[in-house]
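Heads up: the structure comes next, in structure tokens.
Throughout, read-outs are computed from the coordinates displayed, never taken from laboratory work. Here the structure is a predicted model, which is why all the values come from computation and not from measurement. All Cβ positions, even for glycine, are placed from backbone atoms using ideal geometry, and neighbour counts span all protein chains on display.
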Amino acid sequence: MGNDKIIQIEVPLRGSFPTVNCFLVEGPELTLVDAGKKSDSNWKLFGEKVRESGHSIKDIQKIVLTHQHIDHVGFLPQLLKETEAMIYAPLIIQPYLEAFADESIRRGQFEEQVIRQMGFTKEVTDTIIAYMDWERMELKDLAVPNDRVQYFENGDTIAFGNKEWKALHCPGHCSTQFCLGELNNQMIWGGDMLLPITPMAVIEENPEKEGIRLQALPQLLASFERLKTFNFQEVYPGHGKPFGQVNKTIDSQIKRVQRRKEECYQAIASGASTVFEIGLKLYPPKNGTTNYIAIFMTLGYIDLLLMEDRIQETIEENRLLFSPKML
């Protein structure tokens, strides 16, 4: 990445990816891009990797966040204590940084409502929601003082390393997702938007329409098309190894989304009606294990079909039901 030295630090994660990335960027000020998943073992590993790079945690002077998901802000409480670093974050995540647990619980109420309508068994539903509640409480004490944070918006410039990075609001994985692009050298911090595999569109309430599900996957496809116009050549992603051939990767992921969308339609046409039933058609259990996280992505394909007016949505007995529209 030009004359910047980038140190990738991976810490363990449970989920679609085995690890999540933090990146140290050397330059006039030592900068950390994204702040990991909280756990005692992860924090110990992070400290060891920082020391192996020839630095100490207290040397970190800037922390740049791409979005507020718990695996990208987990070290903030410790970093606030052990460094004097200034945090640079999207303005859209300000409520989370002011009171993480309160905002997560407020937003999570809608997510839980949708999960209860997806057609899982009560046992599975309760397990998923209990895990979500536990994750929120991991950062119950996170509250960033106003004098420790500077917020940016779409189009703003953030300087770190030896470069200036343009803030690009790229909703899709979530409504708050930002990428940071260096346009001259065609480099980008991809967050969870530019990944080696297709990003998952999470469940969210539409911030402009109370009680309505945000159609995240259509937003993701629109953000992909916008990012393609920059012709980025090098990505530092939130998960996985840095990679090139960015537009080729994006095109491949768009094709996969479109293919999955058609498989989703065929599942609905064959009689599958709940998100769970449709998701099992797309993601059959492997070795007797159901990938419930992947099934969440089914809602994204459903949203594409709803946008195309090919299917219809109803609610019966607190279950979302989907069926083909008659032509």
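Here are some notes:
- Computed over the chain: relative contact order in percent, which uses C-alpha pairs under 8 Å that are six or more apart: 14
- In this entry, the stretch 130-174 is assigned a mean projected area of 5.2 nm², taken as a quarter of its C-alpha convex hull surface.
- DSSP-defined antiparallel bridges as percent of all bridges, the stretch 130-262, nearest 5: 75
- Only helices enter the 222 nm calculation for the chain: every DSSP H run of n ≥ 4 contributes -39,500 (n - 2.57), and dividing by all residues gives -12000 deg cm²/dmol, rounded to 500.
- Cβ-derived FRET efficiency at R0 30 Å, residue 106 paired with residue 154, nearest 0.05: 0.80
- Span from the the stretch 82-106 Cα centroid across to the the stretch 224-238 one, whole angstrom: 26
- Mean projected area of the Cα convex hull of the stretch 257-324, taken over all directions, amounts to 4.6 nm².
- The long axis of helix 40-52 is offset from the longest Cα principal axis of the chain by roughly 40 degrees.
- Axis angle, to the nearest 10 degrees, between helix 246-269 and the longest C-alpha principal axis of the chain: 20 degrees.
- Taking the C-alpha atoms only, the angle from helix 292-307 to the longest principal axis of the chain is near 70 degrees.
- For the stretch 6-252, the Kirkwood radius over C-alpha pairs fed into Stokes-Einstein at 37 °C and 0.692 mPa s yields D = 177 µm² per second.
- Summing Lys and Arg as +1 and Asp and Glu as -1 over all other residues whose Cβ lies under 13 Å from the Cβ of residue 219 gives a net charge of -2.
- Antiparallel beta bridges, as assigned by DSSP with both residues in the stretch 1-77, represent about 75 percent of the total such bridges.
- Whole-Å semi-axes of the ellipsoid equivalent to the stretch 229-277 (Cα gyration tensor, √5λ, descending): 32, 13, 7
- Charge tally in the Cβ shell below 12 Å around residue 95, where Lys, Arg are +1 and Asp, Glu are -1, residue 95 excluded: -1
- Whole-angstrom gap from the stretch 136-159 to the stretch 271-300, using each part's C-alpha centre: 35
- When both bridge partners sit in the chain, DSSP labels roughly 70% of those beta bridges antiparallel.
- Highest-fluctuation residue, 198, 83, 66 considered, GNM on the chain with Cα pairs under 10 Å: 83
- Surrounding net charge for residue 69, when Lys and Arg each add one and Asp and Glu each subtract one, Cβ distance under 15 Å: -3
- Kirkwood hydrodynamic radius (C-alpha pairs) into Stokes-Einstein, the stretch 1-147, 37 °C and 0.692 mPa s, D in µm²/s: 200
- In the elastic network of the chain, a GNM with C-alpha springs shorter than 10 Å, the most mobile of 144, 275, 124 is 124.
- For the pair the stretch 305-325 and the stretch 26-58, the centres of their Cα atoms are 46 angstrom apart.
- Taking GluC sites (Glu not before Pro) as exposed when their DSSP state is a loop state and no more than 12 other Cβ atoms lie within 10 Å, the longest site-free interval of the chain runs over 211-307.
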